[in-house]
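The values are calculated or read from the model by the stated rules, or taken from the named source; none is laboratory data. Everything numeric in this text was worked out from a predicted model, so none of it was measured. Counting neighbours? That spans all protein chains shown, and the Cβs are built from the backbone with ideal geometry, glycine included. These accessible areas exclude ligands, DNA and RNA; they are computed on the full protein's heavy atoms, side chains included. Shrake-Rupley method; radii C 1.70, N 1.55, O 1.52, S 1.80 Å.
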Amino acid sequence: SKLAALFQHPLYNIPIPEVTEKDKLFVVNPMEKFSLHSSGSDEWVSSSKAETLLPTGKTAYDTYPAWLKFHVGINRYELYPRQDPLMPTLLQDLATQRIVSSVQKSGGTQLKLIMTFPNYGQALFKPMKQTRDQETPIDFFYFSDFERHNAEIAAFHLDRILDFRRIPPVSGRLVNITKEIRDITTDKKLAKTFFISPAGNVCFYGECSYYCSTEHALCGKPDQLEGSMAALLPDKTLAKRHSWRSPWRRSYHKSKKAEWELNPNYCAQVRETPPYDRGHRLLDLIDMTVLDFLMGNMDRHHYETFEKFGNDTFLLHLDNGRGFGTHSRDELSILAPLRQCCSIKKSTYLRLQLLATQPYRLSDLLREALATDPLAPVLAEPHLRALDRRLAKVLEVVGRCLAR
């Protein structure tokens with residue numbers, strides 16, 4: 001396994017700083033068993049206030065379901081550890097746990113559902129909108145592109161291979177629209193949008209600002225639908241998150257350009273603006289730029305951080321559905337932060353160089369990682385080949401910066 005060899009490599013075993021109590025997102029009393037209100041809220045209650053819903057183990061931690069262990073493990077330096085023994089179980093749960101509730105997620109431009117499991121874990125379901133081999137039409141603006149379920153799955157694995165570990169776990173899943181959405185939803189608005197198509201397939205379209213209409217309905221075969229299931233982060237009432245507008249955000253306008261597209265010295269003013277004027281925030285943003293360029297994602301207008309950790313923490317790479325839309329073109333403008341700032345973390349640069357070598361070729365690693373997903377093959381081959389070509393272009397930009 002190339003993947004196993006990669007994770008054994010010294011560059012993937014650089015220790016993180018010691019994690020103290022204040023570096024943990026949640027400080028949990030190890031003697032206290034935790035259970036959840038069966039109201040479906042994310043509020044944790046101690047077992048003295050509610051019956052323990054979970055089987056007892058040697059310690060209270062053993063009684064937690066995988067999603068809760070994932071939440072408890074989040075710290076200032078990483079969303080989950082490199083050699084995470086929990087990951088296979090968590091991905092398995094996302095792919096197989098019985099769905100007890102499906103409701104539409106409010107906000108956002110396209111249809112997404114929140115699905116709940118019997119152990120009170122929750123996942124964000126993004127349905128399949130286009131097939132593996134369809135490319136985004138060349139006349140589409142980035143902001144009117146589809147969100148792709150397979151891009152969410154591939155982005156999680158790519159982020160892990162790059163050793164960023166800033167995307168919550170995602171698994172593919174085949175969902176039964178009738179039994180796992182229509183028959184169990186309590187969402188009246190969603191329920192009104194189900195119908196049977198002329199071909200006899202079960203369809204629905206939900207309510208949202210883009211692509212929620214009969215013309216863009218999501219249809220099963222006859223009621224089986226592919227989608228991505230992403231583990232939800234802790235509820236914002238428990239762990240506040242700060243949303244930051246990206247300094248290299250696009251204009252989201254058909255003809256206007258953003259300031260960074262017009263001013264080649266734009267990075268100089270970013271470097272003087274908090275939070276980019278100290279710490280590693282700018283370098284973290286450049287990491288995210290590299291991830292986005294590799295998967296061709298032009299839609300990174302915001303990113304989030306956990307408020308508890310202030311400026312000194314990682315960025316969350318959420319919402320990656322607009323990646324992997326085109327394999328035949330490389331959108332070099334995504335690399336603007338790297339090109340204009342000429343800065344990159346040494347560890348990131350060394351890992352990128354490693355992933356360009358034959359034993360650790362990036363496309364081979366991602367192909368291997370995606371082979372275990374329930375919806376494999378997740379990406380069409382040309383997308384995997386594009387990764388190696390794009391990686392060479394990232395290294396070329398860094399090479400020019402070093403020469404300068």
message: I'd like to check something: does region 347-368 contain any residue that is of a type outside the set (Asp, Glu) and closer than 16 Å to residue 152 by Cβ?
response: yes
- request: Looking only at region 377-394, decide whether some residue is closer than 30 Å to residue 93 by Cβ, exposed (fewer than 15 other Cβ atoms within 10 Å of the Cβ) and not aromatic (Phe, Trp, Tyr).
  value: yes
task: Please state which one of 282, 233, 225 is modelled with pLDDT of 95 or more, under 23 Å from residue 148 (Cα atoms), open to solvent by less than 50 Å² (accessible area, probe 1.4 Å) and not in a loop (DSSP other than H, G, I, E, B).
output: 225
query: Which residues, taken from region 68-85, are hydrophobic (A, V, I, L, M, F, W, C) and modelled with pLDDT of 95 or more?
result: 70, 74, 79
- prompt: Taking residue 343, is it among the hydroxyl-bearing types (Ser, Thr, Tyr), open to solvent by 70 Å² or more (accessible area, probe 1.4 Å) and either free of Cβ contacts under 8 Å to residues at least 12 places away in the same chain or over 15 Å from residue 291 (Cβ atoms) (or both)?
  reply: no
message: Residue pairs, Cβ under 7 Å, 6 or more apart or interchain, first in region 350-371 and farther than 16 Å from residue 295 by Cα, second not charged (D, E, K, R) and not in a helix (DSSP H, G or I). List them.
response: 351/162; 354/9; 368/1
- prompt: In region 55-110, what residues are within 20 Å of residue 162 (Cα to Cα) and in a loop (DSSP other than H, G, I, E, B)?
  reply: 74, 76, 77, 78, 79, 80, 81, 82, 83, 84, 85, 86
The lone exception for residue 256 - which of (1) within 25 Å of residue 91 (Cα to Cα); (2) open to solvent by 70 Å² or more (accessible area, probe 1.4 Å); (3) among the charged types (D, E, K, R) it fails: (1)
- request: Quick one: in region 113-123, of everything that is in a loop (DSSP other than H, G, I, E, B) and in contact (Cβ under 8 Å) with a residue 60 or more places away in the chain, which residue is farthest from residue 210 (Cα to Cα)?
  value: 119
query: Out of (1) at pLDDT 95 or above; (2) touching a His at 6+ places or on another chain (Cβ under 8 Å), the odd one out for residue 372 is which?
result: (2)
- request: Restricting attention to helices (runs of 4 or more DSSP H) lying wholly within region 293-404, give those where 3 or more residues are β-branched (Val, Ile, Thr) and more than 20 Å from residue 136 (Cβ to Cβ).
  value: 381-403
field: Selected residue (only one of 19, 28 is at pLDDT 90 or above, open to solvent by less than 90 Å² (accessible area, probe 1.4 Å) and within 25 Å of residue 88 (Cβ to Cβ))
entry: 19
message: If I ask for residues that are among the aliphatic types (A, V, I, L, M), open to solvent by less than 80 Å² (accessible area, probe 1.4 Å) and either assigned to a loop (DSSP other than H, G, I, E, B) or over 23 Å from residue 153 (Cβ atoms) (or both), which ones from region 164-201 would you list?
response: 167, 184, 190, 191
- request: Output the number of residues of region 236-248 satisfying the condition of being open to solvent by less than 20 Å² (accessible area, probe 1.4 Å) and free of Cβ contacts under 8 Å to residues at least 60 places away in the same chain.
  value: 1
query: Can you name every residue in region 336-373 that is touching an Asp or Glu at 6+ places or on another chain (Cβ under 9 Å), farther than 18 Å from residue 2 by Cα and of a type outside the set (Val, Ile, Thr)?
result: 336, 345, 347
message: Condition (residue is more than 26 Å from residue 403 (Cα to Cα) and polar (S, T, N, Q)) applied to region 283-302: is it met by at least one residue?
response: yes
- prompt: Identify, please: which residue in region 85-133 is touching an Asp or Glu at 6+ places or on another chain (Cβ under 7 Å) and of a type in the set (S, T, N, Q) and is, among those, most open to solvent (accessible area, probe 1.4 Å)?
  reply: 104
- request: Kindly check whether there is at least one residue in region 108-117 that is closer than 21 Å to residue 355 by Cβ and either among the small types (Gly, Ala, Ser) or in contact with a strand residue (DSSP E or B) (Cβ under 9 Å, 6 or more places away or on another chain) (or both).
  value: no
message: Restricting to region 348-376, give me the number of residues that are within 14 Å of residue 324 (Cβ to Cβ) and open to solvent by 30 Å² or more (accessible area, probe 1.4 Å).
response: 1
